[in-house]
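Chemist: Have a look at this one.
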Amino acid sequence: MQTVRVELGKRSYDILIGFDMLEDIGPALAEHGLLSDNMAVLTSPTIGAHYYQQVRDSLERAGAAVVDRHDIPDGEDNKSLDEFCRAVRRLAQFAPNPAVRPTVLALGGGVVGDLGGFAAASFRRGVPYVQVPTTLLSAVDSSVGGKTAVNLPEGKNLCGAFYQPSLVYMDLATLDTLPGREVRSGVAEVIKYGAILDADLFQYLEESIEALIELDAEALTQVVPTCVELKAEVVGEDERENAGVRICLNFGHTIGHAIEKAAAGALSHGEAVAVGMVAAARLSVQLNLCDSDVEDRLSDMIERAGLPVTAPGLRLETVLDYLRHDKKFITGANRFILLEDIGAWTCREGVDMDAVRDITRSVLL
Ligand SMILES: NC(=O)c1ccc[n+]([C@@H]2O[C@H](COP(=O)([O-])OP(=O)(O)OC[C@H]3O[C@@H](n4cnc5c(N)ncnc54)[C@H](O)[C@@H]3O)[C@@H](O)[C@H]2O)c1
Ligand SMILES: [Zn+2]
């Protein structure tokens, strides 16, 4: 098992990463002072069917008096205020004794993690929570960093809080049951970390991307802790995304988000971000920030990962409209995260809209 520490003063926490660890989660929580008499497991029907029993058995063996399970239905649509209300009310019914502070366990992907984290942040103005990510995306991205939220009809992640978990417990064996498309979606974020922050990781991916897609244990052991360390470092420097560094994680997400919205469900987040990364790399070349070799390496990697490098069939104007309404893009004055090299990001504001249009058109062909 590997341990990565997120250094945030009093809010610091450990991320434990390994294989076949679910059966030991009870003792691990006890060791970290997180085993409450009331353990509230938030999960989903699909994820719970695979992994809840192991978690429950281990918690009970370690001495938890009562373990509760509450399911958030699968799917992004359920990262909603309605489901948030159901979850916090369930917590209120499950843990009515003010003398017993429950610990919330978010067992699932980013949907369960984001909603579960927000429920833990809000219930009794904050109870401890543990992230137990079961998707590659949640392992390398959403379970670390303390951004919790639900979506509103008015927009994604509009209602939430920064609230750090007390522990992240990553059993990479749980990825075995994850559908291939979800694996590749997570791989897009892995490629992003290499592209912006770590040339060695990128080079490793150039050697081993196929093994990673197949969830080879050696590849996961190399890649996941590295990504988690990179994210932990960024979060440690810029917890609330106001010192600047955390915006680098937005690489590929500017045009990527607009493409994701325009595709209206036809593309997964990772697929849209993959196309967005190609666009950002191409823009970097056009602005003379790096040479075309950088773009070529990135798009080769994306293709080998089974992710798209273009999003044909979407209307250019629709994508640009979404981009023009993107809050981060507007408040950042046409801000883009770009590449100076593999592993070296930079930020540019005031990027010419004609150049953005040309590049966006080129990835829609
Ligand atoms: N908080 C952050 O910093 C942050 C960062 C990135 C993304 N996010 C959020 O994360 C969410 C996406 O997360 P995701 O990609 O993990 O999707 P997800 O949580 O929707 O999970 C994807 C699907 O896989 C299923 N699943 C999960 N684990 C499984 C397993 N081990 N075996 C079989 N099926 C499994 C789920 O039931 C679901 O149907 C979005 O809402 C996004 O906004 C948050
Ligand atoms: Zn993303």
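Chemist: Could you tell me which residue of the stretch 1-16 is most open to solvent (accessible area, probe 1.4 Å), considering only residues that are in a helix (DSSP H, G or I) and among the charged types (D, E, K, R)?
Modeler: Among those that are in a helix (DSSP H, G or I) and among the charged types (D, E, K, R), it is LYS10.
Chemist: Moving on to the next point. Cβ-Cβ distance below 8 Å, separation of 6 or more or different chains: which pairs start in the stretch 165-177 with a residue that is closer than 15 Å to ASP141 by Cα and free of Cβ contacts under 8 Å to residues at least 40 places away in the same chain and end on one that is outside any helix (DSSP H, G or I) and open to solvent by less than 20 Å² (accessible area, probe 1.4 Å)?
Modeler: Listed by first residue and then by second, the contacts come to nothing, as the list is empty.
Chemist: Only residues that are part of a loop (DSSP other than H, G, I, E, B) and under 17 Å from GLU260 (Cβ atoms): list them for the stretch 299-335, please.
Modeler: LEU307, PRO308, VAL309, THR310, ALA311, PRO312, GLY313, LEU314, ARG315, HIS325, ASP326, listed by residue number.
Chemist: Quick one: count up the residues across the stretch 252-281 that are surrounded by fewer than 23 Cβ atoms within 10 Å (Cβ to Cβ) and in a helix (DSSP H, G or I).
Modeler: Selection size over the stretch 252-281: 4.
Chemist: Within the stretch 223-251, take every residue that is within 17 Å of ILE337 (Cβ to Cβ), touching a residue at least 12 places away in the same chain (Cβ under 8 Å) and outside any helix (DSSP H, G or I) and give me the one that is farthest from the chain's Cα centre (by Cα).
Modeler: Per the stated criteria, the residue is GLY244.
Chemist: Looking only at the stretch 356-365, which residues are surrounded by 15 or more Cβ atoms within 10 Å (Cβ to Cβ) and among the hydrophobic types (A, V, I, L, M, F, W, C)?
Modeler: Those that are surrounded by 15 or more Cβ atoms within 10 Å (Cβ to Cβ) and among the hydrophobic types (A, V, I, L, M, F, W, C): VAL356, ILE359, VAL363, LEU364.
Chemist: Then there is this: Quick check on LEU59: is it within 16 Å of ligand 1 (Cβ to nearest atom), crowded, with 16+ Cβ neighbours inside 10 Å, in contact (Cβ under 8 Å) with a residue 24 or more places away in the chain and not in a loop (DSSP other than H, G, I, E, B)?
Modeler: no
Chemist: So for the stretch 235-249 (the condition being within 13 Å of ligand 2 (Cβ to nearest atom) and either open to solvent by 30 Å² or more (accessible area, probe 1.4 Å) or touching a Lys or Arg at 6+ places or on another chain (Cβ under 6 Å) (or both)), does at least one residue qualify?
Modeler: No; the residues of the stretch 235-249 include none that is within 13 Å of ligand 2 (Cβ to nearest atom) and either open to solvent by 30 Å² or more (accessible area, probe 1.4 Å) or touching a Lys or Arg at 6+ places or on another chain (Cβ under 6 Å) (or both).
Chemist: Now for a separate question. Mind telling me which of the residues GLN131, GLN53 ends up being closer than 27 Å to VAL228 by Cβ, away from ligand 2 (no atom under 16 Å from the Cβ), open to solvent by 30 Å² or more (accessible area, probe 1.4 Å) and not charged (D, E, K, R)?
Modeler: None of the others qualify; the one that does is GLN53.
Chemist: Quick one: would you say VAL100 is farther than 16 Å from TYR13 by Cα and part of a loop (DSSP other than H, G, I, E, B)?
Modeler: It is true that VAL100 is farther than 16 Å from TYR13 by Cα and part of a loop (DSSP other than H, G, I, E, B).
Chemist: Give the stretch 17-50 a look and list any residue that's in a helix (DSSP H, G or I), within 21 Å of the chain's Cα centre (by Cα) and surrounded by 19 or more Cβ atoms within 10 Å (Cβ to Cβ), or say none.
Modeler: Within the stretch 17-50, LEU22, ILE47, GLY48 qualify.
Chemist: In the stretch 108-118, is there at least one residue being under 16 Å from LEU34 (Cα atoms), crowded, with 22+ Cβ neighbours inside 10 Å and free of Cβ contacts under 8 Å to residues at least 60 places away in the same chain?
Modeler: yes
The values are calculated or read from the model by the stated rules, or taken from the named source; none is laboratory data. Being a predicted model, the structure only gives us computed values, none of them experimental. Every residue, glycine as well, gets a Cβ built from its backbone with ideal geometry; the counts of neighbours run over all protein chains shown. Accessible surface is based on the protein model in full, side chains and every heavy atom, while ligands, DNA and RNA are left aside. Shrake-Rupley method; radii C 1.70, N 1.55, O 1.52, S 1.80 Å.
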